Amino acid sequence: MQWNEARFDADGDAVMQNVHQPVFEFVQAPKLTDWSQDAVVRWKRRWEQYVGIVRQRCMESGERLEVAVRPVKTCIDPELLEVLCLYELRKAADDVTSEELVSLIDAKLGSVKNAQVPDLDDFFRQLLKVDLHEDDIDARVLKYYRDFATLIKENGLSKIIGVGNPADGGYNDRMKLRCTVLIDNLEPKMLRDDVRRHVKYECRETKRND
């Protein structure tokens, strides 16, 4: 019988391939082998896709997700795991749980690379683009927002410009900054100018919520 095995392309996207597997669908968990920001971002994307595939399988088979998903601890290169436990968590590898490693990975993703905040104006000017080739306006807007969210998440900018919890300090400042960035990078220029006028004269509350 043919079943699907999860593989990943160079961009980290899941690619389903038909292979022969006995009885059940085999899903390969991604392996974390490097602690660089880019490597952790790629691994996290692959991990979320892996969990999504396993969750779907569990819905069909009745298996429990927490049993079917491999522990994160077993998905980290043994040498990297030892170093992370010793120098980041200050514990022996045998004493570290998958939950602690997930928290460590999330903390890594929530911080900027090398603790250096980039020039946000220049950063988004170079990387945040409106897809003018998309003729469906709703799809174009949603892609713009999605790309914005992805850039924030994958570059450790959540504490600076992420939505976060409205009850947390600095929420209003973050929302104003988000609106500024989104408006400043709109294309074409005519649209950008129209939105700026609308926000300035007709809908000032928009500055507080993107």
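Residues in the range 181-202 that are under 18 Å from Pro118 (Cα atoms) and either without any contact (Cβ under 8 Å) to a residue 24 or more places away in the chain or outside any helix (DSSP H, G or I) (or both): Asn185 alone. For Gln116, the conditions (1) in contact with a helix residue (DSSP H, G or I) (Cβ under 9 Å, 6 or more places away or on another chain); (2) under 24 Å from Lys44 (Cα atoms) all hold with the exception of (1). If you go through the range 113-169 and keep only what is among the acidic types (Asp, Glu), within 15 Å of the chain's Cα centre (by Cα) and modelled with pLDDT of 90 or more, you end up with just Asp147. Among the residues of the range 141-173, those identified as more than 19 Å from Leu127 (Cβ to Cβ) and either among the polar types (S, T, N, Q) or surrounded by 16 or more Cβ atoms within 10 Å (Cβ to Cβ) (or both) are Asn165, Asn172.
Screening Val83 against (1) in a helix (DSSP H, G or I); (2) in contact with a helix residue (DSSP H, G or I) (Cβ under 8 Å, 6 or more places away or on another chain); (3) not assigned by TED's automatic domain parsing to the domain that holds Leu177 leaves a single unmet condition, (2). Scan Asp38, Asp95 and give me the residue that is modelled with pLDDT under 95 and acidic (Asp, Glu). Testing whether each residue is modelled with pLDDT under 95 and acidic (Asp, Glu) leaves just Asp38.
The values are calculated or read from the model by the stated rules, or taken from the named source; none is laboratory data. Quick caveat: nothing in here was measured; it's all calculated off a predicted structure. Please note: Cβ atoms are built from the backbone with ideal geometry, for glycine as well, and neighbour counts cover all protein chains shown.
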